[in-house]
Amino acid sequence: PDFGLHSACPTAMPPNVPAYHAVGVGDVETRGAASLEVDTVDEIDANTTPHTILNHDALPSSERAVRFCTLTILTGCIITAALRFMPPYRHSAAECPTLLWADEFDATDLDLTKWSYIDGDGCDVGLCGWGNNELEIYSEDNLVIRNGTLSIEARVDNKGSSSTSETLKYTSAKISTLGKADFRTIGRRFEARIKLPRGQGIWPAFWMLPSKNKFGTWPKSGEIDIMENIGKEGPNTIHGTIHYGEFWPKDQYAEQGIRLDDEEYGDLSATYHTYAVEVDVGVIRWYVDNILYSTKTRHDIMPYRWPFHEEFYFILNLAVGGNWPGFPDSSTTFPQEMSVDYVRVYSGRLLGVEGRAVVESNTSGELYKVVDGRSPGATASAFIWTVPDGATIEKGQGTGEIEVSFSEKGGIIYVERANIDETSTCNVYKAGIRVNVFANDDRFDFDCECSEECTAYVLNRVAGVDYTCGERIKWLIDHGDAESDACKQISVEEFNGRCGACNPERCRS
């Protein structure tokens, strides 16, 4: 049943629908009582009185058009079935995305009604080096707003620190919206336009943490990294990540990056680019310049809880050094600057492209379609498509949906509006999706105890920026690891959520 979408709903559910504890997510409002926030079916009392199941508080109350049905909860199985089949949130085809919150940094000082400074080196909260062996001390002096831009500057500075480390000689700045701008995530797009710094050991980040830690402290209540760059990879490689799972050292993460071509996009440390995530029920999508390059779903992180439907807040910071980026060396120049043109929150989706992000070589009939805040799946003659070298548009050019055949090479599929409406507030006219193409051959002589179909899916998934899970396993085996140890390492310890294990849910095409 499409709860939240149809005005007519069944009054009962089939009693033989199997329970599935890791799925239902939403807001359950008890009639005549306070609302109850529910993340998993485990938290629902099967003996409660009838509840009204809403559409996940996806819009502010002033915008919400709630359609619902009443379900009498007879058993945990019934409520499980009801929540299990709830579809992703869908926005009105007639509306443009709504700007809900923004900071354009047009004032002369940081707006302290929206942001708070985070100072120090983390030692005062028991996280010296911020838990990552970072070298910087955060200070308000390292942030300035000028000409409509927020700039965070990392400098060599010997202010000292409460840490005993003699190497901690850098200052920078870090700000957050905690308690001043906290956002429910479903149906929202979180975006910033940023010019990156560059250099070995430099680590800029635009990210989000939960406002209330409903499920426990980090990482149980989640972390959403919208954009991170580590200087040793150069400024044109960026990463999007979620953190979840159990307490350290059993914490989990799912990450994927993209390397943008210098000739096409220029130097990301010399020009501004947009970095965004869109969150819907059970899914998060990552974008750079409106190119979809990573998608993570609830299935990707099973059996762990999906904690990303609660309130989250923004963090902007520029770190120096750390376990992931390494540390500055003789090639690193200071000062380094991270510049932010704006931070925005939208209700609804901007122009986008949907379709498979990983396809087999020499495949035909792959479907890609426009997703538009005004006209999802539009088929009018209003769109111009381009595909990577070696790929061909079989049919649909000029419409909102195309079929593509691929050869041996992947790349970015773009769509652009042919008819631009200058009066429209939907002012995004170009979007794309990064597609990786793999050759499903017999180049791997191991299967990680997967079925044949699942082996192909798991081993050919993109693990890092430009290598697959199978290539990473092969590298470990070639360097002395047993096959079972290498498979376990990449499926559980390194790339859980992307390479996955041989769970059939992860092996769906």
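The values are calculated or read from the model by the stated rules, or taken from the named source; none is laboratory data. Just so it is clear, the structure is predicted and the values come from calculations on it, not from any experiment. FYI the Cβ positions are ideal-geometry reconstructions off the backbone, even for glycines, and counts take in every protein chain you see. Accessible surface areas use protein heavy atoms only, side chains included; no ligands, DNA or RNA. Shrake-Rupley method; radii C 1.70, N 1.55, O 1.52, S 1.80 Å.
Put simply, the amide H of GLU136, placed in the peptide plane, has neighbours under 5 Å in VAL320, leaving out anything fewer than 5 places away on its chain.
Provide the solvent-accessible area of LYS488, counting protein heavy atoms only and rolling a 1.4 Å probe, rounded to the nearest 10 Å². For LYS488, solvent-accessible area is about 120 Å².
Candidates PHE312, PRO235, VAL340 compared by Cα position along the dipole of segment 203-352: farthest toward the positive end lies PHE312, with charges placed on Cβ. The magnitude of the dipole of segment 290-423, with charges of +1 and -1 set on the Cβ of Lys/Arg and Asp/Glu and taken from the Cα centre, is near 340 debye. Highest average first, the peptides 229-236, 213-220 ordered by how many other beta carbon atoms sit within 10 Å of their residues are 229-236, 213-220.
Of all beta bridges that DSSP places with both ends in segment 114-261, some 90 percent have antiparallel geometry. If a paramagnetic tag sat 7 Å from the Cα of THR386 along the Cα-Cβ line, which residues of segment 255-287 would have the backbone N under 12 Å from that point? Those under the cut-off are 264-265. Remark: accessible surface ordering of THR185, THR455 (largest first) is THR455, THR185, probe radius 1.4 Å.
Counting heavy atoms of the protein chains alone, TRP130 has an accessible area of about 40 Å² for a 1.4 Å probe.
Only protein heavy atoms count here; on that basis, with a 1.4 Å probe, HIS479 has an accessible area of about 120 Å². For segment 164-264, a crude dipole built from +1 on the beta carbon of Lys and Arg and -1 on the beta carbon of Asp and Glu, taken about the Cα centre, is about 600 debye to the nearest 20. Rounded to the nearest Hz, the phi-derived 3J(HN,Hα) couplings of segment 228-242 under the Karplus curve 6.51 cos²θ - 1.76 cosθ + 1.60 (θ = phi - 60°) are 9, 9, 10, x, 5, 8, x, x, 9, 10, 10, 10, x, 9, 10, where x marks glycine and proline. Partner lysines whose Cα lies under 28 Å from the Cα of LYS250, excluding those fewer than 8 positions away in the same chain, are identified as LYS174, LYS212, LYS214, LYS220, LYS232, LYS296, LYS474, LYS488. Here the Karplus curve 6.51 cos²θ - 1.76 cosθ + 1.60, taken at θ = phi - 60°, turns the phi angles of segment 328-342 into couplings of x, 10, 5, 7, 7, 9, 10, x, 10, 10, 10, 10, 10, 7, 7 Hz, with x standing for Gly and Pro. Please compute one quarter of the surface area of the Cα convex hull for segment 158-299 and express it in square nanometres. In nm², the orientation-averaged hull projection of segment 158-299 is 10.6.
Charge dipole (Cα centre; +1 on Lys/Arg Cβ, -1 on Asp/Glu Cβ; no other charges) of segment 251-348 amounts to roughly 440 debye.
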